[in-house]
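I have placed the structure first, in the form of structure tokens, so that the comments after it can refer back to it.
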Amino acid sequence: MNVDVMDNQGWELSVNTIPVRMPDLTVSFNFNISQNKNYIREISELYPMETGTGLSKGDYIRSFEVNQPMGSFYGYMYDGVYLNKDQTIARDKNGNKIYTYDEKGQRVPVQMRFGYPSIDYEFQPGDARYTDVNNDGNIDYQGIVYLGNSTPKFTGGFGPMIRYKDFTLNAYFNFRYGNKVVNRAKMNLEKIYNFDNQSTAVLRRWRHKYESEAEAPSDLLPRALYNTGYNYLGSDRFIEDGSFLRFKSLSLKYQVNRNF
């Protein structure tokens, strides 16, 4: 369907130079770099402005906003692992524990939850910890934030060409800079959710309580849970820098004498 209007704006710079030019030797170098940005200008009211709910495991929300680019990721901010029961208690913006009253009128701490009231999962020690953006003790749609964009800031390539007599050597590199990617392989190999093969990284998963952050390893993963829990929600845990520099091609050519 034609459901929106989008502008593509960008530029490209290409440089070709021959620093060495001799009868038997020629050395040239080419370089190009470009930038392209897209902006959504109009969206049909019949087309959904968002895809995904953010409540499903491994799910990232794709949002379409006027005057914003396509390809942006939205999800939760990963904050490590709940090391013990005390850390699963909800806290206000000043870091103080939040309390409520039970049916007997007793003052009890509010436990961190996910998706209340539709799902209402109570976090336990060893579970993945997500940032409670509005400090209400509930990780839900309101905690979803912008995590990055899949469109690179710059793309391009470069390479030399060296010709010596009848031999010619060409090399080419290409690059991409400033884009984000979702590492689905990492997600699938570290989710510890079913009987799928897992990476050896899961040997660093949570198995017992830690009294403090100093006791826990810095690369601790959430605990293993079979077909339950929310330890691999779409979060910045699996968002990575997609920049790269690739040695793409190398060719060596020899030109046979025309008389031959």
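Near ASN174, within a Cβ-to-Cβ distance under 9 Å, what is the net charge of the other residues, with Lys and Arg +1 and Asp and Glu -1? Taking every other residue near ASN174 into account, the sum is +3. In this structure region 46-136 gives 54 Å² per residue of accessible area when probed at 1.4 Å with all protein chains present. Cross-link pairs exceeding 29 Å between alpha carbons, from the set LYS37/LYS248; LYS191/LYS248; LYS37/LYS191; LYS153/LYS191: LYS191/LYS248; LYS37/LYS191; LYS153/LYS191.
For region 54-149, the extents of the C-alpha atoms along the principal axes are 51, 27, 25 Å, listed from largest to smallest. Dimensions of region 81-197 along the principal axes, based on C-alpha atoms and rounded to the nearest Å, stand at 94, 36, 25, largest first.
Annotation for region 102-119 versus region 120-199: alpha-carbon center distance of 35 Å. Distance between the 7 Å Cα→Cβ label points at ASP59 and LEU252: 5.5 nm. By a 1.4 Å probe calculation restricted to protein chains, VAL66 has an accessible surface near 70 Å², given to the nearest 10.
Amide H contacts for VAL110 (H built 1.01 Å from N in the peptide plane; partners 5 or more residues away or on another chain; cut-off under 5 Å): ALA90, ILE98, TYR99, THR100. With every protein chain in place and a 1.4 angstrom probe, the accessible-area ranking of MET187, MET70, largest first, reads MET70, MET187.
As an exercise, use a Förster radius of 22 Å and the Cβ-Cβ distance of GLU215 and ASN96 to find the FRET efficiency, rounded to the nearest 0.05. It comes to 0.40.
Rounded to 0.05, the FRET efficiency of the ASN183 and ASN32 pair, given R0 = 41 Å and the Cβ-Cβ distance, is 0.90. Only protein heavy atoms count here; under a 1.4 Å probe, SER235 has an accessible surface of about 0 Å². On full extension, the segment bounded by THR168 and THR17 gains 52.7 nm, given 0.36 nm per residue less the C-alpha separation.
Rounded to the nearest whole angstrom, the semi-axes of the ellipsoid equivalent to the chain, taken from the Cα gyration tensor as √(5λ), stand at 52, 25, 15, largest first. If one computes P(r) from the Cα atoms of region 128-260, what percent of pairs lie at distances over 20 Å? The share of Cα pairs beyond 20 Å in region 128-260 comes to 67 percent.
Across the chain, the mean sequence separation of Cα contacts (distance under 8 Å, 6 or more residues apart), normalised by length, yields a relative contact order of 21 percent.
The values are calculated or read from the model by the stated rules, or taken from the named source; none is laboratory data. From a predicted model like this one, the values you see are computed outputs, not experimental measurements. For neighbour counting, all protein chains shown are included, and Cβ atoms are generated from backbone atoms with ideal geometry for every residue, glycine included. Remember, those area values only see protein heavy atoms, side chains included, never the ligands or the DNA or RNA. Shrake-Rupley method; radii C 1.70, N 1.55, O 1.52, S 1.80 Å.
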